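Working notes, structure below.
The values are calculated or read from the model by the stated rules, or taken from the named source; none is laboratory data. Remember, it's a predicted structure, so these values are computed and weren't measured experimentally. FYI the Cβ positions are ideal-geometry reconstructions off the backbone, even for glycines, and counts take in every protein chain you see.
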C-alpha cells in the first residue's frame, strides 16, 4: 500500500496533466453517489464521506471533516484523507493526502471550465478570495490559459491580498493586489471566486460582456458570491449538474426567485468532456459553477497512481 503525502501528490499531479486527466476521465463513466453528511458533535461540525468508483478500476472514498470553530483553537477548519481501493476486489491500494487532493482537483476543475468557456484571448485573471484555494486557482488557470498575462488578487483584508500576490510574483507570475472590486471585475477577462460569502459581493452590473466567471465558493444553498440575477443573462455550466442544482448557492437562489429554471444549467464537465463544448460568441458571459463532486477526487487519484483509463 502506498502512502502519498501532500508534497508527493503535488509532484504527481502537475496542473496541465491534472486538467487533461479530468477532461479525459470524465468522458468515461464514473459512479459517484451523493456524499454522506454527518454531524459527529451535534454542534454544526461535519464529517463528509465522498465515494466514487470506476468499474474494473479504482474505487475511492474521501473523508473530510469541517469544524468551523477550530480557528479559535488554533487548528485548521478542514482536514481530509483519501483512500483508494481496487474496485473489483476491495483491496487497499493507497492513502493520499486529502486536503492537497481537494485543493488541486478543485482548482483544476475550475481551470478546465475556463479552458472550455473563456474567450481564447483572455489576458487578465482576477482571483477573489485569499484563502487556501487562492494560489492553486491562480496556478491552475495560468497553466492552461496561455494568453493570461496579468493576475490581480482581491480580498477583504488588503494585506492578505498583497501577501498572496507577492507569493505569485516570486514564482514569476505578474501579480498584484487588486483595487476596488467593482473596477477589477469590470477590467477582468476571467474572474474566479473562492470565498465563504453568505451575501453577494459581486453585483450583476459589474460584469462586462465577454467575461468568464468561475464560481467556486457558495457551496450551500444559503451562500452567494455573485448576485443571482446575473445568471439570467449568462451561459451557465456546472461541475456536476445535479449537485449544483441541489447545493450551488446562486443557482438555487436564482431558481427559487424564478429568475431562471433548472434548464438554464446548459451542461456540466462530463457533458463538455463528451463533446458538448459550445461555440462561444465573443460578447457572451459564461459562468462555471462548482460545488465539488467525488469523481474529481477519483480522477486525481488515478493520475497520481498511474491508473487513468485509456
Among (1) at pLDDT below 95; (2) more than 19 Å from the chain's Cα centre (by Cα); (3) surrounded by fewer than 17 Cβ atoms within 10 Å (Cβ to Cβ), residue 173 falls short only on (3)
Taking first residues from region 164-192 that are free of Cβ contacts under 8 Å to residues at least 24 places away in the same chain and second residues anywhere that are surrounded by 21 or more Cβ atoms within 10 Å (Cβ to Cβ), the pairs with Cβ under 6 Å that are 6 or more apart or on different chains are 165/153; 165/175; 169/175
All-but-one check, residue 1 against (1) surrounded by 14 or more Cβ atoms within 10 Å (Cβ to Cβ); (2) over 22 Å from residue 291 (Cα atoms); (3) in contact with a strand residue (DSSP E or B) (Cβ under 6 Å, 6 or more places away or on another chain), failing number (1)
Checking 260, 255, 285, 299 in turn, the sole residue that is in contact with a helix residue (DSSP H, G or I) (Cβ under 7 Å, 6 or more places away or on another chain), at pLDDT 95 or above and closer than 30 Å to residue 5 by Cα turns out to be 299
When restricted to 22, 18, 112, the only residue under 19 Å from residue 273 (Cα atoms), modelled with pLDDT of 95 or more, assigned by TED's automatic domain parsing to the domain that holds residue 211 and in a helix (DSSP H, G or I) is 112
Quick count over region 106-151, residues being more than 26 Å from residue 293 (Cα to Cα) and crowded, with 23+ Cβ neighbours inside 10 Å, is 1
